[in-house]
Amino acid sequence: MGGVANPYAATKATVDMMIAGECGTDHPTTDGTCVRDYVHVSDLAAAHLLALEALSPGRYEVFNLGNGDGYSNRQMLDTVREVTGRAFPVYYADRRPGDPAVCVANSDKAAAELGWKPQRPNLSDIVADAWEFHRTVHGIAG
């Protein structure tokens, strides 16, 4: 794969996908940014496989999947900078109407009924694996 013409754009695209456009610095949280529950893609895949194994005719269930702990947007951005070794500008916009300050999942039902629990809950691991994927896909050097 050749190099990316604009590594900044690829880095920013990765960050934008990770924080999913969350806004605001005036939330009632420790650093003012909203808190979200990030889950490693491998953990999500494992949960889906377990759910497929548990399928039976006429049974419909809903399972929340998450680590049960959240990370603030500021923590996410700091982790992305640390993992990627890249600096990037951040534009903080006003929070969106109706956005909760904290949104984390309770995965107790998935644990009890599917035997699922996250194996990679650490934010650095989640970001590092996502970054490695995007580096590979977009041909971004180290």
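Rule-based calculations on the coordinates, nothing more; no lab input. This structure is a prediction, so every number in the text was calculated from the model and none was measured. Reconstructed Cβ throughout: ideal geometry from the backbone, glycine too, with neighbour counts over all protein chains shown.
Note on residue 55 and residue 137: the extension gain reaches 26.1 nm, defined as 0.36 nm multiplied by sequence separation minus the Cα-Cα distance. The charge dipole of the stretch 16-142, taken about its Cα centre with unit charges on the Cβ of Lys, Arg, Asp and Glu (plus for the first two, minus for the last two), comes to roughly 160 debye.
Which length gain, in nm to one decimal place, applies between residue 103 and residue 90 when the Cα-Cα distance is subtracted from 0.36 nm times their residue separation? Please report the intermediate quantities before stating the final value.
Values: separation 13, 0.36 × 13 = 4.68 nm, distance 2.18 nm.
So the chain would gain 2.5 nm between residue 103 and residue 90.
Counting only Cα atoms, the stretch 41-128 measures 51, 32, 17 Å along its principal axes, largest extent leading.
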